[in-house]
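Every number here is computed from the coordinates shown, using simple stated rules; none is lab data. Because the structure is a prediction, the values reported are computed rather than measured. Here the Cβ positions follow ideal geometry from the backbone for every residue, glycine too, while neighbour counts run over all protein chains shown.
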Amino acid sequence: MKVIVVGKGGREHALVTALAESDTAPEVYCYPGSDAIFDVASRLSAEITGVDSLVAAMVAEQIDFCVGGEESWLADGLADKARQAGIPTWGPVAQSAQLEASKTFAKEFMVRHGIPTGGYAVAGSAKEAKDAIVSYPTVLKFDGLAAGKGVVICNNEAEADAFLEEVFVDRRFGEGRVLVEEYLEGPEVSVIAAVADGNYQIFTPARDYKRLSDGDEGLNTGGMGAVASRALVDPDVLTEIEEKVMRPSVEGLVKDGLDFRGFLYAGLMMTGAGPKVLEYNCRFGDPEAQAVLPLVGGDLAGYLKKAAEGNIDEGLISFDQSWSICLVMASAGYPSSSRNGDVVCGLGDVDDARVYHAGTAKNANGEFETNGGRVLAVVARGSDLESARAAAYAEAGKVTFDGAQHRSDIGKMHFDQ
Ligand code: AMP
Ligand code: GLY
C-alpha cells in the first residue's frame, strides 16, 4: 500500500513516522516534505505547482490514499480533487475545511448547533471592531488562516489599536475581517477526533503551549510544546466534552450536509461554565500530533485508509496509557523572525526520545541546520507526567544549536497546583 502525507512540518514528520511504523508497513510518500521527512518517506518525481499537479502526480505514482496534514492544501481543495481522481483522502473537502479556514463560518456553525463558545461580533473595519469591544481583556481574531498568528488577547485599547492596524492598514494577513470575541479563562485542552460520515473516535487529549516563554509569557507562537495523556482529562470531563462538543459537532456536520472525513480538532477552554470551543481545526494539531502519535499503536495506516473510505474501525488502533511530552526548540529570533544555517548538534546522542523536525535542512556536509522558526521537537514518554518530563528535558539537553530557544516549563505549568 502507498500512502502520501501532504505537508512539511513537525506534524507531518510525526505522521509519516507513525504511518511507516504501522503494522501493515505501507510505503510512505510525502509532499512537499523536508530533508528529515525524506529520510523516512519517498518523494514524488513529477514537478508540482499546485493541487492539480499534485493529484496528477499521486495518480501517476499509484498512491492508494492521501493524508492531508497542512490546512492550506485542504482549504484549496486537495480532498475534493484527490477523491475525484479516485484516491481516498483523509482530510475534509474544501467546503467543510471552512470550519478552520473561516472563523465566522465556525462560529455560525457552533451557534446553529448549540455548541458552547465565547460570544462574538464580526467587524469589517477597525472602527466596527472598536465599537464592538465592550471591555478589556478582549480577544481579536483575524478571520482566516494565519498560521497561528492571527489571534491576540488585548489588555487595553493601545494593544487593540496595534493589532487592528496590522489587519486593516498593513494587511499583514491579507484581506479579511476580524472577530471580536469574549475573553474566556481556564485551562485549555485540545481534543482531536477521527471523524467520518457521522461517526467518530476521540484520540488521546493534549494540551499545547502557545506562548514563547515560561509562565505563558511572551508572544503567541505556532506552539512551543505539548503534553498528551488519557489521564490529562478526568473521564467525566471527557464525557462532558464528548456530549457538549464532539458529538454535536459531528451531528452538526451531518445535519448541514457537510461531508467530513478527517481529523476534527476542537481547541477548548475549560471555563467555570464548562468547555467552550476556541477554534476548530480540520487536521491534527501541531505540536499535538508530535505528542499524541507516539502513543498510538496498531495499524494507523489501515485505520486512516478505511476511515478515508468512510468507515471508522476502532479495533485497528490502540492508545498507550502513558504520558507524552513534546518539547519544541526554536531558532534565534522566533517568532518575530527566524535564523537559518545554525548547525544542529547532538541528534545522534538522543536515545530515549523521538525527534521530529519542523524547520531543518541538510547542509552540503549532510548535517542538519536550522531552516525556520520552530526547528524540531523532542518527544519522550513516561508512565507518569514527571518521568515523561524528565526524559524529554534530559534528551532535549543533548541537542544544541546557536540561538536555540525552548521553554523550561512544558508539562509543569498548568499542572503544578
Ligand atoms: P485560536 O487560534 O482561536 O485557538 O486562539 C489561539 C489562542 O488564543 C488560544 O489557544 C487561547 O490561548 C487564546 N484564545 C483564543 N480565544 C480566546 C478567548 N476567547 N479567550 C481567551 N483566550 C483565547
Ligand atoms: N496547536 C494548535 C494548532 O495546531 O492549531
Response to the item:
The farthest towards the positive end of the charge dipole of the range 294-388, of the residues Ser318, Ser338, Gly382, given +1 on Cβ of Lys and Arg and -1 on Cβ of Asp and Glu, is Ser338
Worksheet item: Do any trypsin sites (Lys or Arg not before Pro) in the range 165-226 lie in a loop, going by DSSP, with at most 16 other beta-carbon atoms within 10 Å of their beta carbon, and if so which?
Response: Arg171, Arg172
Item to complete: For the chain, just say rounded, prolate or oblate: build the C-alpha gyration tensor, square-root its eigenvalues into a ≥ b ≥ c, call rounded for a/c under 1.5, and beyond that prolate if a/b exceeds b/c, oblate if not.
Response: rounded
Fill in: Around Pro32: net Lys/Arg minus Asp/Glu count, Cβ-Cβ under 14 Å
-2
Fill in: Neighbour-limited loop hits for trypsin sites (Lys or Arg not before Pro), the range 9-92 (at most 16 other Cβ within 10 Å; DSSP other than H, G, I, E, B)
Arg43
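What does the extension gain come out to for Ser42 and Gln321, with contour length at 0.36 nm per residue minus their alpha carbon separation?
97.3 nm
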Worksheet item: Roughly how many debye, to the nearest 20, is the charge dipole of the range 205-327 about its Cα centre, given +1 on each Lys and Arg Cβ, -1 on each Asp and Glu Cβ, and no other charges?
Response: 200 debye
Discussion item. Taking R0 as 51 Å, what FRET efficiency do you get between Asn155 and Lys255 from their Cβ-Cβ distance, rounded to the nearest 0.05?
Written reply: 0.85
Worksheet entry | Under 23 Å from the Cα of Lys141 - lysines, other chains or at least 8 residues apart | Lys103, Lys107, Lys127, Lys130, Lys149, Lys210, Lys276
Item to complete: Give the cross-link partners of Lys305 among the lysines, using a straight C-alpha distance below 28 Å as the criterion and excluding same-chain residues fewer than 8 apart.
Response: Lys2, Lys8, Lys81, Lys255
Worksheet item: How far apart, in nm, are two points set 7 Å out from the Cα along the Cα-to-Cβ line at Glu185 and at Ser213?
Response: 2.2 nm
Discussion item. So if each residue of separation counts as 0.36 nm, and I subtract the Cα-Cα distance between Arg171 and Glu128, what length gain in nm does that give?
Written reply: 13.8 nm
Practice prompt. Take peptides 114-126, 252-264, 91-103 and line them up by average Cβ neighbours within 10 Å, highest first, as a rough protection proxy.
Written response: 91-103, 252-264, 114-126
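Which value at 222 nm does the chain reach when only helices count, each DSSP H run of 4 or more adding -39,500 (n - 2.57), with the total divided by all residues and rounded to the nearest 500 deg cm²/dmol? Don't skip to the answer; put the middle values down first.
Details: 13 runs with 112 residues, N = 417.
Roughly -7500 deg cm²/dmol at 222 nm, from the helical runs in the chain.
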Worksheet entry | Peptide ranges 340-351, 282-293 listed from the most packed, as the mean C-beta count within 10 angstrom indicates | 282-293, 340-351
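Assign unit charges at the C-beta atoms only (+1 for Lys and Arg, -1 for Asp and Glu), then state the dipole size of the range 257-331 relative to its Cα centre in Debye, rounded to the nearest 20.
140 debye
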Practice prompt. Starting from the Cα of Lys412, draw a straight line to each of the aspartates and glutamates and keep only those under 19 Å, dropping any in the same chain fewer than 8 residues away.
Written response: Glu185, Glu188, Asp208, Asp214, Asp216, Glu217, Asp234, Glu288, Asp384, Glu386, Glu395
Worksheet entry | Loop sites in the range 104-180: GluC sites (Glu not before Pro), DSSP, at most 10 other Cβ within 10 Å | Glu175
